[in-house]
Amino acid sequence: KKKQVKISDFFK
Amino acid sequence: MFKAVISEAKEFKKIIDAASNLLDEICFEVSEDGIKARAMDPSHVALVSMDIPKEAFEEYEADVHDIGIDLEAFKKIMNRAKAKDKLILELDEEKNKLNVIFKGTARRKFALALYDVSSSNLQVPDIEYPNEILIKAGAFVDALKDADLVNDHVALKVDDGKFIIYAKGDLNESETIFEEDSEDIISMNIGENARSTFNLEYLKDMTKAASSDDILKICIGTDMPVKIEYDIGGANLTFLLAPRIES
C-alpha cells in the first residue's frame with residue numbers, strides 16, 4: 001500500500 | 001516602500017490563482033530585485049515557489065518588506081480585474097494595508113489587510129533529477145483528465161525513452177504515452193527509467209494556471225517529488241509535489 005509522504009521529508 | 005505597476009492585471013491574476021489553489025496565505029518577500037515567495041501547502045505535501053523579477057513589471061520600486069496576504073481575499077479582488085486593466089500594488093505602511101488598484105476606464109482601489117505571515121525562509125531543495133521533460137501544458141493536463149476517470153492518483157513514468165502518465169483503478173486503467181517526436185513534446189532529456197506516483201488533485205491544482213500552449217518543465221525520478229515549472233506573465237512558478245511511496 002502506498003502512502004503519501006511530506007515534501008519536507010526531502011529537505012536536507 | 002513598495003510600489004509595482006503591472007501592465008496586465010489579468011496576467012497577475014493567473015499567478016495569484018496558481019498559488020491560491022494550494023495555499024491559504026502567502027508571504028511576498030519584496031526587495032529591489034522583485035518579489036519572491038516560497039510556501040508549503042497546509043498538509044506539507046507540496047511546495048510552491050514564485051519569483052517575479054522586477055523586469056516583469058512596467059514600473060517597480062521597493063525596498064525590503066515581508067507582505068503577508070490572505071490569498072482567498074486577494075484572489076477575490078483579482079477576480080474583479082477587467083481585461084484591459086493595469087494593476088498597481090502599493091504598500092501603505094501607515095495603515096498596514098496592501099493597496100490593490102485597477103486602472104482602466106475608472107480607478108478602482110481595494111485596501112487589503114496584511115497578515116502577520118512571516119517569511120518561511122524555505123528554499124526549493126536542490127534535487128538532482130534523472131529526467132527532464134518539456135511538454136505543452138494542455139497535453140499534460142489532458143493526460144491528467146484521462147487519469148482522473150479511473151483513480152485519484154497517477155503514476156508519472158519514464159520508460160524506454162517515453163513519458164507515460166498512467167492510472168489504475170479497481171476496474172479500469174488509463175495511459176497516455178508521449179514519444180520524443182510528439183508535437184506536444186518540446187524536448188526530453190532522459191537519463192533513466194523512472195516511476196513515481198502522485199495525488200492527482202494536487203497535480204491538477206499545480207497546472208491549473210497554465211494556458212494550454214504554455215510549456216511545462218517536468219522533472220521526475222523514482223519515488224522522488226515531481227518538479228513542475230512554468231512561466232506566466234514574466235513570473236516563474238515552481239511546484240514540488242511529494243510522491244506516494246510504498247510503506
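Any read-out appearing in this document is the output of simple, stated calculations on the displayed coordinates, not a laboratory observation. What you see is a predicted model, and the numbers here were worked out from it, not measured in a lab. Backbone-built Cβ (ideal geometry, glycine too); neighbour counts: all protein chains shown.
The figures follow:
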quantity: Cα-based convex hull volume of the range B:24-71 per residue, rounded to whole Å³; calculated: 70 Å³
quantity: Where the Cα pairs of the range B:1-119 fall when distances are cut into 10 Å bins, in %; calculated: 14, 49, 33, 4, 0
quantity: Descending principal axes extents, the range B:91-189, alpha-carbon based, whole Å; calculated: 60, 36, 32
quantity: Full-stretch length increase - B:Asp214, B:Ser31 - with 0.36 nm per residue and alpha-carbon distance subtracted; calculated: 63.1 nm
quantity: Values of log10 I(q)/I(0), in the order q = 0.07, 0.09, 0.16 Å⁻¹, for the protein assembly as shown under a Debye, Cα-only, solvent-free model; calculated: -0.26, -0.43, -1.16
quantity: Percentage, to the nearest whole number, of Cα pairs in the range B:62-116 over 12 Å apart; calculated: 65 percent
quantity: Sparsely packed trypsin sites (Lys or Arg not before Pro) within the range B:1-54, loop by DSSP, other Cβ within 10 Å at most 12; calculated: none
quantity: Ranked B:Phe198, B:Phe110, B:Phe178, criterion: other C-beta atoms within 10 Å, fewest first; calculated: B:Phe110, B:Phe178, B:Phe198
quantity: Theoretical gain in end-to-end length, B:Val5 to B:Glu58 [0.36 nm per residue, Cα-Cα removed]; calculated: 18.5 nm
quantity: Normalised contact order of the range B:93-148, rounded percent, pairs of Cα under 8 Å and 6 or more residues apart; calculated: 21 percent
quantity: Net length gained if the chain between B:Arg107 and B:Asp152 were fully extended (0.36 nm per residue, minus Cα distance); calculated: 11.8 nm
quantity: In the range B:152-247, the GluC sites (Glu not before Pro) that fall in loop regions by DSSP, at most 13 other Cβ within 10 Å; calculated: B:Glu179, B:Glu180, B:Glu183, B:Glu192
quantity: Share of alpha-carbon pairs per 5 Å distance bin for the range B:135-247, given as whole %; calculated: 2, 12, 23, 27, 22, 10, 3, 1, 0
quantity: Ranking of B:His44, B:His65 by count of other Cβ atoms within 10 Å, fewest first; calculated: B:His44, B:His65
quantity: Computed [θ] at 222 nm, deg cm²/dmol, the protein assembly as shown (DSSP H ≥ 4; -39,500 (n - 2.57); rounded to nearest 500); calculated: -4500 deg cm²/dmol
quantity: Hull volume in cubic angstrom per residue (convex hull over the Cα atoms of the range B:186-227); calculated: 76 Å³
quantity: Isotropic mean projected area of the C-alpha convex hull, the range B:163-205 (nm²); calculated: 4.2 nm²
quantity: Cleavage-rule hits (GluC sites (Glu not before Pro)) in the range B:12-69: DSSP loop, at most 16 neighbouring Cβ within 10 angstrom; calculated: B:Glu32, B:Glu58
quantity: Cα-derived Rg over Rh, computed across chain B with Rh taken as Kirkwood radius; calculated: 1.01
